[in-house]
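Quick one: this structure, given as structure tokens, is what I'll be asking you about.
The values are calculated or read from the model by the stated rules, or taken from the named source; none is laboratory data. A quick note: this is a predicted structure, and the numbers were derived from the prediction, not measured. Every residue, glycine among them, receives a Cβ derived from its backbone with ideal geometry; neighbour counts consider all protein chains shown. The accessibility values were calculated without ligands, DNA or RNA, using every heavy atom of the protein model including side chains. Shrake-Rupley method; radii C 1.70, N 1.55, O 1.52, S 1.80 Å.
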Amino acid sequence: MNTLGRILLVEDDPLDVELTLTALGEYNLANEVVVVNDGAAALDFLYRRGAHAARATENPAVLLLDLKLPKVNGLEVLQRIRSDPQLRLIPVVILTSSHEERDMVASYELGVNAYVVKPVEFHAFVNAIKELGVFWAVVNEPPPGSLQKSG
């Protein structure tokens, strides 16, 4: 069976979290999905601080990151990840409702691996998450230091 990695989902909209988890679970696309609801919690997870101090040392196989987050916005989280030698190889996919060209350009300038605008329609959203999950958590070979589990 495929080796599946941990996905870190950074999303503050409870409905989008529920839809994402449903899509990933329906297709068995990750052994573990860790959900945090703001940018500060994402950084705490990645740096193993606070509530996440005891987590495993391996990084996620992929990080699904919203841009418009409370406390620390997605672009700042991305900038911090890309500037840290221990984190910079983590694949990051921006998953946002923003069609703003400046957000897309800023994301790519900071080194995002993919920029996906969330579809509004339910089935399109679920299919987009399925495709992201298949590629990033199953097909893609994550960088060394990412958590890998047998599926």
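Mind giving me the nanometre distance, one decimal, between the label points for Tyr108 and Glu32, set 7 Å out from Cα along Cα→Cβ?
Going from the Tyr108 label point to the Glu32 one covers 3.4 nm.
Something else: Per 5 Å bin from zero, what fraction in whole % of the C-alpha pairs of the chain is there, up to the bin with the longest pair?
Result returned by the calculation: 2, 10, 21, 24, 23, 14, 5, 1, 0.
In sequence order, what are the phi-derived ³J(HN,Hα) couplings for region 73-89 according to the Karplus relation 6.51 cos²θ - 1.76 cosθ + 1.60 with θ = phi - 60°, rounded to whole Hz, with x for glycine and proline?
6, x, 5, 5, 4, 4, 4, 5, 4, 6, 8, 10, x, 7, 10, 4, 8
When all C-alpha to C-alpha distances in region 9-97 are sorted into bins of 5 Å, what percent of pairs does each bin hold, rounded to whole numbers?
Reading the bins upward from 0: 3, 14, 26, 27, 20, 9, 1.
Still on this structure, I have one more. Taking 0.36 nm per residue of sequence separation and subtracting the Cα-Cα distance, how much length would be gained by fully extending the chain between Glu100 and Lys68, in nm to one decimal? Intermediate values should be presented prior to the final figure.
Details: separation 32, 0.36 × 32 = 11.52 nm, distance 1.19 nm.
The Glu100-Lys68 span can extend by a further 10.3 nm.
Taking H placed 1.01 Å from N in the peptide plane, check which residues at least 5 places from Val62 or on another chain put their amide H under 5 Å from its amide H.
HN-HN under 5 Å from Val62: Leu8.
What is the local net charge at Asp12, summed over the other residues whose Cβ is closer than 10 Å to its Cβ (Lys, Arg +1; Asp, Glu -1)?
In short, -3.
State, as an integer percentage, the relative contact order of the chain based on alpha-carbon contacts under 8 Å between residues 6 or more apart.
The value is 33 percent.
Going by amide H atoms built from the backbone, whose H comes under 5 Å of the H on Glu32, apart from near neighbours?
Ile7
Using a 1.4 angstrom probe on heavy atoms only, work out the carbon and sulfur share of the accessible area of the chain in %.
Working: 3910 of 7530 Å².
It is 52 percent, rounded to a whole number.
Next up: Per residue, how much accessible area does region 4-126 show when a 1.4 Å probe rolls over the protein heavy atoms, in square angstrom?
Result: 47 Å² of accessible area for each residue.
Residue by residue through region 9-26, what is 3J(HN,Hα) from phi via Karplus (6.51 cos²θ - 1.76 cosθ + 1.60, θ = phi - 60°)? Round to whole Hz and write x for glycine and proline.
9, 10, 8, 9, 8, x, 5, 5, 4, 4, 5, 5, 5, 4, 5, 5, x, 4
Another one. When the helix-only estimate is applied to the chain (DSSP H runs of n ≥ 4, each -39,500 (n - 2.57), divided by the residue count), what is the mean residue ellipticity at 222 nm, nearest 500 deg cm²/dmol?
After summing the helix terms and dividing by the residues of the chain, the value is -10000 deg cm²/dmol.
For the chain, set up a Gaussian network in which alpha carbons nearer than 10 Å are linked by springs, and say which option among Pro91, Pro14, Pro70 fluctuates the most.
Pro14
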